[in-house]
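Novice: Take this structure, written in structure tokens, and hold onto it; I'll ask about it next.
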Amino acid sequence: MDFRFFSGKIRSLSTIFCLSLLLITLLAGCGAKSFEVDFDLPADSGSTVRMLYYAADKKSGRIMESVCALHQGKGKVKLPAILPAVVYILSPSGKPVMAFYAERGDRLKITSDSPDPLSWRIKGNKISEEWSGWRLENTDVLKSRDAKRINKAVAAYVKANSDSPLSTLLLLTVFDRGSDTSGFVSLLSLLKGEAAKESLFSLVARADLPEGRASVMTGGKSAGKGADKFSTFKARTVNGPDTLRPGRPTLLFFWHSGQHDRKAGINIIRRLSRESKDSTDFLLADFCLDPDSISWRQPLKGDSLSHTIRAWLPKGEADSAIINLGVNSSPSFIVADSKGRITYRGHNPAEAEIEFKKIK
């Protein structure tokens with residue numbers, strides 16, 4: 001019997017098996033609806049790393065806050081994802097410290113010899129690696145919290161890399177648009193190629209991008225643009241007439257009774273009020289836009305909200321305060337910083353929450 005025949009068959013079958021196994025592995029990786037983050041940090045980095053991002057698909061999405069447990073500075077976490085996301089690393093107080101970009105199937109590695117997130121190096125995809133490199137080169141600038149210095153650093157990168165997606169993300173997450181609106185618009189006009197794709201703009205919520213990049217380029221003249229600042233206005237509340245004033249981080253939620261999405265907005269206000277120890281440091285308020293007071297009061301008991309203003313604007317979208325804010329439909333959110341500058345105006349509860357955490 002010629003055993004060489006069988007030996008050849010075995011080798012062929014072995015080759016086919018290995019190729020099949022490789023193909024299955026590749027297909028499994030392509031189909032993964034998640035990304036992994038692997039941490040290798042100093043032992044004194046703490047016991048956990050908190051992350052916040054908006055997990056979206058083509059139809060909807062929800063906010064995700066995840067905690068990676070560290071042991072001697074090392075840990076790994078798998079996070080669900082369909083569409084790309086900007087992931088924020090949170091401080092112990094819940095404020096975003098830095099961010100990175102992630103896509104489904106990514107395996108990201110975060111390393112550093114310091115517990116300070118600004119010093120962390122990220123590998124795993126091109127955008128995050130470039131973002132990490134830019135952040136490390138500008139750590140001192142970012143630590144200064146000087147808007148002019150930070151904007152100058154972002155501008156230099158955008159001018160030199162106008163077709164890079166990172167230019168778009170730096171403009172939308174790092175650049176202080178409130179201190180230099182004209183500079184922001186000017187830099188935005190330079191974006192081209194991959195950097196100008198609308199899908200990038202949808203990753204980050206901005207009040208000055210109500211309808212994408214085109215709205216900013218035309219000076220934001222689209223319907224419902226509203227004022228750039230949150231101004232003092234009066235409203236009826238469960239405790240009687242009240243005056244809402246700027247001067248602290250603010251989140252306003254506008255709704256009509258019976259709306260399915262109302263619950264998502266109320267849940268966010270509840271979560272933010274519980275996370276903040278001193279209610280005098282922020283302003284959280286929700287507004288019923290129904291003309292009927294019964295429609296306003298009926299769902300309030302089941303909301304279980306504290307440290308918030310429960311208000312009623314019976315004129316609804318016709319109220320002058322609403323018109324001034326640029327709210328022309330509901331459910332809708334307004335987020336303003338401590339100087340009264342509106343940093344988010346839109347309908348996405350998760351994006352409103354992330355923006356509030358950034359300015360809180």
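Novice: Among the residues of the stretch 103-129, how many are touching a Ser or Thr at 6+ places or on another chain (Cβ under 7 Å) and in contact (Cβ under 8 Å) with a residue 24 or more places away in the chain?
Specialist: Count: 6.
Novice: Could you please let me know if Arg149 is more than 21 Å from Leu200 (Cβ to Cβ), free of Cβ contacts under 8 Å to residues at least 24 places away in the same chain, in contact with a helix residue (DSSP H, G or I) (Cβ under 8 Å, 6 or more places away or on another chain) and not aliphatic (A, V, I, L, M)?
Specialist: Yes, satisfied.
Novice: For Asp337, are the conditions met, namely being among the charged types (D, E, K, R) and more than 26 Å from Ile89 (Cβ to Cβ)?
Specialist: Numbers: among the charged types (D, E, K, R): yes; more than 26 Å from Ile89 (Cβ to Cβ): no.
Against the criterion (among the charged types (D, E, K, R) and more than 26 Å from Ile89 (Cβ to Cβ)), Asp337 does not qualify.
Novice: Let me ask another. Tally up the residues in the stretch 327-341 that are in contact with a Ser or Thr (Cβ under 9 Å, 6 or more places away or on another chain) and open to solvent by less than 40 Å² (accessible area, probe 1.4 Å), please.
Specialist: So the answer is 5.
Novice: Now, a different point. Taking the stretch 42-65 as the search range and keeping residues that are over 17 Å from Glu351 (Cβ atoms) and surrounded by 17 or more Cβ atoms within 10 Å (Cβ to Cβ), which one is modelled with the highest pLDDT?
Specialist: Val49
Novice: State which residue pairs qualify: first residue closer than 18 Å to Phe282 by Cβ and touching a residue at least 60 places away in the same chain (Cβ under 8 Å) and inside the stretch 337-358, second residue among the acidic types (Asp, Glu) and crowded, with 23+ Cβ neighbours inside 10 Å in any location, beta carbons under 6 Å apart, and separation of 6 or more residues or different chains.
Specialist: Sorted first by the residue in the stretch 337-358, then by its partner, the pairs are Thr343/Glu355; Tyr344/Glu355.
Novice: Within the stretch 241-360, which strands (runs of 3 or more DSSP E) (wholly inside it) include 2 or more residues that are within 21 Å of the chain's Cα centre (by Cα)?
Specialist: Working: elements: 250-255, 283-288, 309-312, 332-336, 342-346.
By residue number, 250-255, 283-288, 332-336, 342-346.
Novice: Moving on to the next point. Based on this model, can you work out whether Ile309 counts as open to solvent by 40 Å² or more (accessible area, probe 1.4 Å) and of a type in the set (A, V, I, L, M, F, W, C)?
Specialist: no
Novice: If you don't mind, another one. Within the stretch 68-108, considering only strands (runs of 3 or more DSSP E) that don't extend past its boundaries, which have at least 1 residues that are open to solvent by 10 Å² or more (accessible area, probe 1.4 Å) and over 28 Å from Phe175 (Cα atoms)?
Specialist: Correct list: 74-80.
Novice: Restricting to the stretch 181-194, what's the tally of residues that are in contact with a Leu (Cβ under 9 Å, 6 or more places away or on another chain) and of a type outside the set (A, V, I, L, M)?
Specialist: Qualifying residue count, the stretch 181-194: 2.
Novice: Need pairs with beta-carbon distance below 7 Å; first residue within 17 Å of Leu244 (Cβ to Cβ) and of a type outside the set (Gly, Ala, Ser) and within the stretch 261-289, second open to solvent by 10 Å² or more (accessible area, probe 1.4 Å) and part of a helix (DSSP H, G or I); sequence gap 6+ or separate chains.
Specialist: Cys288/Ser295; Leu289/Glu317
Novice: Let me ask another. Looking at the stretch 46-59, can you tell me whether even one residue there is over 22 Å from Leu272 (Cα atoms) and polar (S, T, N, Q)?
Specialist: yes
Novice: Name every residue in the stretch 154-175 that is assigned to a helix (DSSP H, G or I) and surrounded by fewer than 17 Cβ atoms within 10 Å (Cβ to Cβ), in order of residue number.
Specialist: Of everything in the stretch 154-175, those that are assigned to a helix (DSSP H, G or I) and surrounded by fewer than 17 Cβ atoms within 10 Å (Cβ to Cβ) turn out to be Ala156, Lys159, Ala160.
Novice: Still on this structure, I have one more. Scanning the stretch 120-152 for residues that are surrounded by fewer than 17 Cβ atoms within 10 Å (Cβ to Cβ) and small (Gly, Ala, Ser), which turns out farthest from Ser199 (Cα to Cα)?
Specialist: Result: Ser144.
Novice: In this structure, is Gly178 modelled with pLDDT under 95, under 27 Å from Ala56 (Cβ atoms) and open to solvent by 30 Å² or more (accessible area, probe 1.4 Å)?
Specialist: yes
Novice: Please work out which one of (1) at pLDDT below 80; (2) part of a strand (DSSP E or B); (3) of a type in the set (Ser, Thr, Tyr) is the condition Ser222 fails and give its number.
Specialist: (2)
Novice: Out of the residues in the stretch 17-41 that are modelled with pLDDT under 95 and surrounded by 14 or more Cβ atoms within 10 Å (Cβ to Cβ), which is nearest to Asp106 (Cα to Cα)?
Specialist: Ser34
Novice: Further question: Would you be able to tell me the number of residues in the stretch 331-360 that are within 23 Å of Asp290 (Cβ to Cβ) and among the small types (Gly, Ala, Ser)?
Specialist: Going through the stretch 331-360 one residue at a time, the tally reaches 3.
Novice: Let me ask something else. Taking only pairs six or more apart or across chains, which ones have beta-carbon atoms under 7 Å, a first residue in the stretch 312-326 that is within 22 Å of Lys229 (Cβ to Cβ), and a second residue that is at pLDDT 80 or above and among the aromatic types (Phe, Trp, Tyr)?
Specialist: From the stretch 312-326, the pairs are Leu313/Phe287; Ala321/Phe233.
The values are calculated or read from the model by the stated rules, or taken from the named source; none is laboratory data. Predicted model, so just to flag it, every value in this text is computed and none were measured. As a convention, Cβ positions derive from the backbone with ideal geometry for all residues, glycine included, and neighbour counts pool all protein chains shown. Note: areas computed on protein heavy atoms with side chains; ligands, DNA, RNA excluded. Shrake-Rupley method; radii C 1.70, N 1.55, O 1.52, S 1.80 Å.
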